[in-house]
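Enquirer: For reference, the structure I am asking about is given below.
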Amino acid sequence: MRCLKVFALGSAASAALASVAVAQAPTTWAYAAKTGAGASYEAYVDGAYKDGGRTGAVSKVWFSIADGTLTETMYGLIHEAQIKQMRVAVRTPTGLAVEGADTTSRTEYLHVDAAGRPLSPAYKVTTTDKRGRFEIEKRIFTDPDRNSLFVRVTVRALKGPVTPFLVLEPHMANTGGNDAGAASLSALTANEGKAFLSLKASSPFAAATVSDLKDNDALAPLRTGTLTGEATTGQRRGAIVLTAQLPTQASGEATYDVAIGFGGDAQAADDAAAATLKTGYAEVLARYNGEGDRVGWEDYLASLTELPRLRQASEDGGKLVQASALMLKVQEDRTYAGALIASLSNPWGDTVDASKPSTGYKAVWPRDFYQCAMALAALGDKETPLAAFHYLPQVQVKASTPGNTGAGGWFLQKTWVDGTTEWVGVQLDQTAMPIMLGWKLWKLGWLPEADLKAYYGKMIKPAADFLVDGGTVGIGWNHAKITPPFTQQERWEEQGGYSPSTTAATITGLVVAGDIAELAGDAAGAARYRATADAYSAKVEARMVTTKGPFGDGTYYVRLSQDEDPNNHAPIGAANGQIAPPKDQVVDGGFLELVRYGVRRADDAAIVASLPELDDTSRPDLYRVRYDFRFPGVEGEFPGWRRYDVDGYGEDAETGANYGVGEKMTPGQRGRVWPIFTGERGHYELAVATLHGKPDAKALQAIRDRYVRAMELFANEGLLISEQVWDGIGPNPHGYARGAGTDSATPLAWSHAEYVKLLRSVSDGQVWDSYAPVKARYAK
């Protein structure tokens, strides 16, 4: 999805990074292959997040789980990490062990229905010592009435006595190098700026210490011996680690309740943790779940009117779709209603320098945002997609956008949820999709006409005008002249040109903008938008279909053409450390978006001609896009696709290193298989099945068996779908099974959204995000 280390930052974000000295990273973020992610369900008050509604005070805490441990935990805005990780270390007669490196792990949902489907994002995480000496069980969820996290820790001694320790690595204010921390027998505390935390337990600690984090080794204080008393006094500042010793147990099991409170000052954080502990495990969990007359996650799931039939369309009894509904809603900010982020993770975080602030994927991209809003609508959530639509002006460029001196109307590439500019490339699909979302919500009957008319003038018309006229932009590093449908960046954010996927969205956005313009009484605007869409459509094949390519029969859509001649073999730019091949040696599945939205029929000659080149498994791995997977205990093979051939956005296939270690690109980097493309292909196959009317039951079942089931198999034990799955190429230091999620980003909201939309499409017997006026105009 991204090229995280290539693009310059804009405005406030770049200023923040500029103030941080470049040095050897004292600490990093955490492993990004999450098996759990959670936050409280908070009900809107008049479409906004406010205290005093059905769910009471708004909790603004999110957590994640990876490798059996609590990882990045956010408080405030959804990107504001305050904790890197908290692990349990255990001293045994035969040595020190720690969760992650020395244990195996299992993640389960704590609250499920009779069919085993998750009812809330509360987790039971069990880590077992590889040498059989102990087992740790953690039950993790947030307090829906406070800014705090609840962790019930149960320690089981299996072979002799054990002494457990809580090892907390704070990364306050979204950085890991300037924290102040202190330790006492009653609390571990940390702060930076206006962000404070307090970790308290149900009984005093046996010992506690704060120490400097050296060489990124949080266990150093324990390697020299058992803590005694209060090992430190006063505060330490810098990259720090907080350690609390729990009582030694000779055998059996012991349970400890731990709360981590957050606040704008030390007292608020301490009060939050204390109040959560006082309320107690059972009641906090019941409120979180929404049990009985309490309002929580059960109530949100019950509000999803289409969820029952989407469960029926699934192949796993509805487990993944229910988890997907939870994940899509979890990954919304709790200050800015409708602000839907890409992922509650930092890609390859375990090698990303945390001495500098980093949002990772905890940010708004209008493209991912659109996918999530459309998936939530597909579930029957009538509130969040509307809040999302109303949020969008926050991230649209206008005269008042800080630092803007150029054309407006387009949507920023990547922003914080409060609208702070981070990346400023122009991607035309990200400007079209907000228009598309508004049209869909209008046609569903959820967005009142009066509301849509008001947004036409202030948001939709400026966006549509930009899709027609373009203009010279002026924000941050970007002062380019944009001439649609040539996009400065296509959907993978690395290169510009004529892109099938971007052009599909641009045409669709303009056609439905014509409908909205008519509603608003702007007949001239309607005619202009439709005429421009027609002009763009008329040149799709001439600009983007080669007839002299080196693959297959030579006729197919190229991923990108940087001029009007797809046959001239001109090279496209290098990205992510990879080579810069001729345009006709790079193919992707982006042309299928022309069918999804209705710009081309599923049996269009150029579309059909491009499938063999996309699916060719005989090419060398560098130029191969499709890979098929087998899963233990499951019959058959299941297809997956890379973003495009010669993709370098992934682990190094020569060394096994993470992507972009030290912010340096390497020629061995390789983008892996993305589950979303299995969903995109499933949508295409449904479009084929509907060419001559309603699809028959056999055709629908074939799509479920192949594409729905594949996406379910790509999910991990926590029912989370990753950005990328392992394709089996190159060194494998993590020991991934083929088809398992990698360290890139999990959960990816877009992956979950694509799965949900595929279920809705199969259930409806037609593509969910197809656009009737577009299809009527171009795909008759």
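Enquirer: Looking at region 547-557, is at least one residue buried (at least 21 other Cβ atoms within 10 Å of the Cβ) and β-branched (Val, Ile, Thr)?
Expert: No: zero hits.
Enquirer: So which residues in region 543-602 are touching a helix residue (DSSP H, G or I) at 6+ places or on another chain (Cβ under 7 Å), touching a residue at least 24 places away in the same chain (Cβ under 8 Å), among the small types (Gly, Ala, Ser) and in a loop (DSSP other than H, G, I, E, B), if there are any at all?
Expert: Listed by number, the residues that qualify are GLY549, GLY552, GLY589, GLY590, GLY598, ALA602.
Enquirer: Turning to a different aspect of this structure: Can you tell me which residues in region 335-357 are crowded, with 24+ Cβ neighbours inside 10 Å and in contact with an Asp or Glu (Cβ under 8 Å, 6 or more places away or on another chain)?
Expert: GLY338, ALA339, LEU340, ILE341, ALA342, SER343, LEU344, SER345, ASN346, PRO347, TRP348, GLY349
Enquirer: Could you run through region 42-68 and say how many residues are surrounded by fewer than 24 Cβ atoms within 10 Å (Cβ to Cβ) and either within 18 Å of LEU340 (Cα to Cα) or not basic (Lys, Arg) (or both)?
Expert: Quick first cut of region 42-68, residues surrounded by fewer than 24 Cβ atoms within 10 Å (Cβ to Cβ) only: 43-54, 56-58, 60, 67-68.
Adding the requirement that they be either within 18 Å of LEU340 (Cα to Cα) or not basic (Lys, Arg) (or both) leaves 43-53, 56-58, 60, 67-68.
Count: 17.
Enquirer: For ARG117, state whether it is more than 30 Å from GLY264 (Cβ to Cβ), open to solvent by 40 Å² or more (accessible area, probe 1.4 Å) and within 26 Å of the chain's Cα centre (by Cα).
Expert: Working: more than 30 Å from GLY264 (Cβ to Cβ): yes; open to solvent by 40 Å² or more (accessible area, probe 1.4 Å): yes; within 26 Å of the chain's Cα centre (by Cα): yes.
The answer is yes for ARG117.
Enquirer: If you go through region 766-774 one residue at a time, do you hit one that is open to solvent by 40 Å² or more (accessible area, probe 1.4 Å), modelled with pLDDT of 95 or more, under 27 Å from ASP381 (Cβ atoms) and not basic (Lys, Arg)? First the steps, then the outcome.
Expert: Initially, region 766-774 is screened for residues open to solvent by 40 Å² or more (accessible area, probe 1.4 Å), giving 766, 772.
After this cut, where a residue has to be modelled with pLDDT of 95 or more as well, the list is 766, 772.
Then keep just the ones that are under 27 Å from ASP381 (Cβ atoms); that gives 766, 772.
If we keep only those that are not basic (Lys, Arg) too, we end up with 766, 772.
Within region 766-774, one or more residues are open to solvent by 40 Å² or more (accessible area, probe 1.4 Å), modelled with pLDDT of 95 or more, under 27 Å from ASP381 (Cβ atoms) and not basic (Lys, Arg).
Enquirer: Tell me, please, whether a residue that is part of a strand (DSSP E or B), of a type in the set (A, V, I, L, M, F, W, C) and over 20 Å from ALA30 (Cβ atoms) can be found in region 253-264.
Expert: Scanning region 253-264 turns up at least one residue that is part of a strand (DSSP E or B), of a type in the set (A, V, I, L, M, F, W, C) and over 20 Å from ALA30 (Cβ atoms).
Enquirer: Here's another thing I want to ask about it. Only one residue in LEU447, LEU376, LEU437 is under 23 Å from ALA523 (Cβ atoms) and either part of a loop (DSSP other than H, G, I, E, B) or in contact with a Pro (Cβ under 8 Å, 6 or more places away or on another chain) (or both). Which one? Before you say what the answer is, go through the steps one by one.
Expert: Values: LEU376 fails: under 23 Å from ALA523 (Cβ atoms); LEU437 fails: under 23 Å from ALA523 (Cβ atoms).
From the options LEU447, LEU376, LEU437, the qualifying one is LEU447.
Enquirer: Here's something else I'd like to know. Can you find a residue that is over 17 Å from the mean Cα position of the chain (by Cα) and either without any contact (Cβ under 8 Å) to a residue 24 or more places away in the chain or open to solvent by less than 50 Å² (accessible area, probe 1.4 Å) (or both) anywhere in region 714-725?
Expert: Step one: filter region 714-725 for residues over 17 Å from the mean Cα position of the chain (by Cα), giving 717.
Pick out the ones that are also either without any contact (Cβ under 8 Å) to a residue 24 or more places away in the chain or open to solvent by less than 50 Å² (accessible area, probe 1.4 Å) (or both) and you get none.
So far as region 714-725 goes, no, none of its residues is over 17 Å from the mean Cα position of the chain (by Cα) and either without any contact (Cβ under 8 Å) to a residue 24 or more places away in the chain or open to solvent by less than 50 Å² (accessible area, probe 1.4 Å) (or both).
Enquirer: Of the conditions (1) in contact with a His (Cβ under 9 Å, 6 or more places away or on another chain); (2) open to solvent by 20 Å² or more (accessible area, probe 1.4 Å), ASP271 satisfies every one except a single condition; which number is it?
Expert: Single failed check for ASP271: (1).
Enquirer: Please go through region 358-399 and pick out each residue that is open to solvent by 10 Å² or more (accessible area, probe 1.4 Å) and either under 15 Å from the mean Cα position of the chain (by Cα) or closer than 20 Å to GLY650 by Cβ (or both).
Expert: Scanning region 358-399 gives a single hit, SER358.
Enquirer: Give just the number: which of (1) part of a loop (DSSP other than H, G, I, E, B); (2) closer than 25 Å to PRO566 by Cα; (3) among the aliphatic types (A, V, I, L, M) does VAL468 not satisfy?
Expert: Of everything listed in (1) part of a loop (DSSP other than H, G, I, E, B); (2) closer than 25 Å to PRO566 by Cα; (3) among the aliphatic types (A, V, I, L, M), VAL468 misses just condition (1).
Enquirer: Hey, can you tell me all the residues within region 83-114 that are open to solvent by 10 Å² or more (accessible area, probe 1.4 Å), outside any strand (DSSP E or B) and among the acidic types (Asp, Glu)?
Expert: If the condition is that a residue be open to solvent by 10 Å² or more (accessible area, probe 1.4 Å), outside any strand (DSSP E or B) and among the acidic types (Asp, Glu), then ASP102, ASP113 are the ones that fit.
Enquirer: Test each condition in (1) outside any loop (DSSP other than H, G, I, E, B); (2) touching a Gly at 6+ places or on another chain (Cβ under 7 Å); (3) of a type in the set (A, V, I, L, M) for MET665 and report the one that comes out false.
Expert: (1)
Enquirer: In the set ALA699, ALA687, which member is assigned to a helix (DSSP H, G or I), crowded, with 23+ Cβ neighbours inside 10 Å and over 20 Å from the mean Cα position of the chain (by Cα)? Walk me through how you get there before you give the answer.
Expert: Working: ALA699 fails: crowded, with 23+ Cβ neighbours inside 10 Å.
Of the residues listed, the single one that is assigned to a helix (DSSP H, G or I), crowded, with 23+ Cβ neighbours inside 10 Å and over 20 Å from the mean Cα position of the chain (by Cα) is ALA687.
Enquirer: Checking the conditions here, which among PRO747, PRO731 is surrounded by fewer than 24 Cβ atoms within 10 Å (Cβ to Cβ) and either out of contact with any helix residue (DSSP H, G or I) (no Cβ under 7 Å at 6 or more places or on another chain) or in contact (Cβ under 8 Å) with a residue 24 or more places away in the chain (or both)? So that I can check it myself, show each step before the final result.
Expert: Details: PRO747 fails: surrounded by fewer than 24 Cβ atoms within 10 Å (Cβ to Cβ).
Going through PRO747, PRO731 in turn, just one is surrounded by fewer than 24 Cβ atoms within 10 Å (Cβ to Cβ) and either out of contact with any helix residue (DSSP H, G or I) (no Cβ under 7 Å at 6 or more places or on another chain) or in contact (Cβ under 8 Å) with a residue 24 or more places away in the chain (or both): PRO731.
Enquirer: Tell me which residues, restricted to region 125-148, are under 20 Å from THR276 (Cα atoms) and of a type in the set (Ser, Thr, Tyr).
Expert: THR142, SER148
Enquirer: If ALA173 passes every condition in (1) surrounded by 16 or more Cβ atoms within 10 Å (Cβ to Cβ); (2) touching an Asp or Glu at 6+ places or on another chain (Cβ under 9 Å); (3) of a type outside the set (Val, Ile, Thr); (4) modelled with pLDDT under 95 but one, which one does it miss?
Expert: All conditions pass for ALA173, except number (4).
Enquirer: Would you please name the residue that is most open to solvent (accessible area, probe 1.4 Å), looking only at residues in region 202-222 that are of a type in the set (S, T, N, Q) and more than 31 Å from the chain's Cα centre (by Cα)?
Expert: SER202
Enquirer: Can you confirm whether region 392-411 contains a residue that is farther than 16 Å from GLY471 by Cβ, in a helix (DSSP H, G or I) and free of Cβ contacts under 8 Å to residues at least 60 places away in the same chain?
Expert: Step one: filter region 392-411 for residues farther than 16 Å from GLY471 by Cβ, giving 392-395, 400, 402-403.
Imposing the further condition that a residue be in a helix (DSSP H, G or I) reduces the set to 392-395.
Then keep just the ones that are free of Cβ contacts under 8 Å to residues at least 60 places away in the same chain; that gives 394-395.
Yes; the residues of region 392-411 include at least one that is farther than 16 Å from GLY471 by Cβ, in a helix (DSSP H, G or I) and free of Cβ contacts under 8 Å to residues at least 60 places away in the same chain.
Enquirer: Looking only at region 471-484, how many residues end up being part of a loop (DSSP other than H, G, I, E, B) and either touching a Gly at 6+ places or on another chain (Cβ under 6 Å) or exposed (fewer than 14 other Cβ atoms within 10 Å of the Cβ) (or both)?
Expert: To start, the set of residues in region 471-484 that are part of a loop (DSSP other than H, G, I, E, B) comprises 473-474, 476-477, 479-480, 483-484.
Next, from what is left, pick out any that are either touching a Gly at 6+ places or on another chain (Cβ under 6 Å) or exposed (fewer than 14 other Cβ atoms within 10 Å of the Cβ) (or both): 473-474, 476-477, 479, 483-484.
Adding up the residues that qualify gives 7.
Enquirer: Looking only at region 419-434, filter to residues that are open to solvent by less than 10 Å² (accessible area, probe 1.4 Å), of a type in the set (Val, Ile, Thr) and outside any helix (DSSP H, G or I); which one of those is nearest to SER358 (Cα to Cα)?
Expert: THR421
Enquirer: While we're here: Return the residues of region 508-543 that are touching a Leu at 6+ places or on another chain (Cβ under 8 Å) and closer than 29 Å to PRO582 by Cα; say none if nothing qualifies.
Expert: Within region 508-543, ALA533, TYR536, VAL540 qualify.
Enquirer: Moving to a separate point now. Filter region 414-460 down to the residues that are closer than 26 Å to TRP768 by Cβ and among the polar types (S, T, N, Q) and list them by number.
Expert: Of everything in region 414-460, those that are closer than 26 Å to TRP768 by Cβ and among the polar types (S, T, N, Q) turn out to be GLN427, GLN430, THR431.
Enquirer: Let me ask another. Sort out which residues of region 178-201 are farther than 29 Å from THR92 by Cα, surrounded by fewer than 22 Cβ atoms within 10 Å (Cβ to Cβ) and not basic (Lys, Arg), and write them in order of number. Walk me through it before giving the result.
Expert: In the first step, residues of region 178-201 are kept if they are farther than 29 Å from THR92 by Cα; the result is 178-180, 191-197.
Subsequent filtering for residues that are surrounded by fewer than 22 Cβ atoms within 10 Å (Cβ to Cβ) retains 178, 180, 192-194.
Within region 178-201, ASN178, ALA180, GLU192, GLY193 meet the criteria.
Enquirer: Among the listed residues ARG223, ARG236, ARG156, which satisfies the condition of being within 30 Å of TYR288 (Cα to Cα) and basic (Lys, Arg)? So that I can check it myself, show each step before the final result.
Expert: Details: ARG223 fails: within 30 Å of TYR288 (Cα to Cα); ARG236 fails: within 30 Å of TYR288 (Cα to Cα).
The unique qualifying residue is ARG156.
Enquirer: Go through (1) in a loop (DSSP other than H, G, I, E, B); (2) of a type outside the set (Gly, Ala, Ser); (3) at pLDDT below 95 for HIS79 and report which single condition fails.
Expert: Status for HIS79: all satisfied but (3).
Enquirer: Looking for whichever is under 25 Å from SER610 (Cα atoms) and in a loop (DSSP other than H, G, I, E, B) here; the options are ASP727, ASP705. Which one fits?
Expert: Values: ASP705 fails: in a loop (DSSP other than H, G, I, E, B).
Answer to the selection: ASP727.
The values are calculated or read from the model by the stated rules, or taken from the named source; none is laboratory data. These numbers come from a predicted model, not from an experiment. Positions of Cβ are backbone-derived with ideal geometry, glycine not excepted, and every protein chain shown enters the neighbour counts. All accessible areas refer to the heavy atoms of the entire protein, side chains included, with ligands and DNA or RNA removed. Shrake-Rupley method; radii C 1.70, N 1.55, O 1.52, S 1.80 Å.
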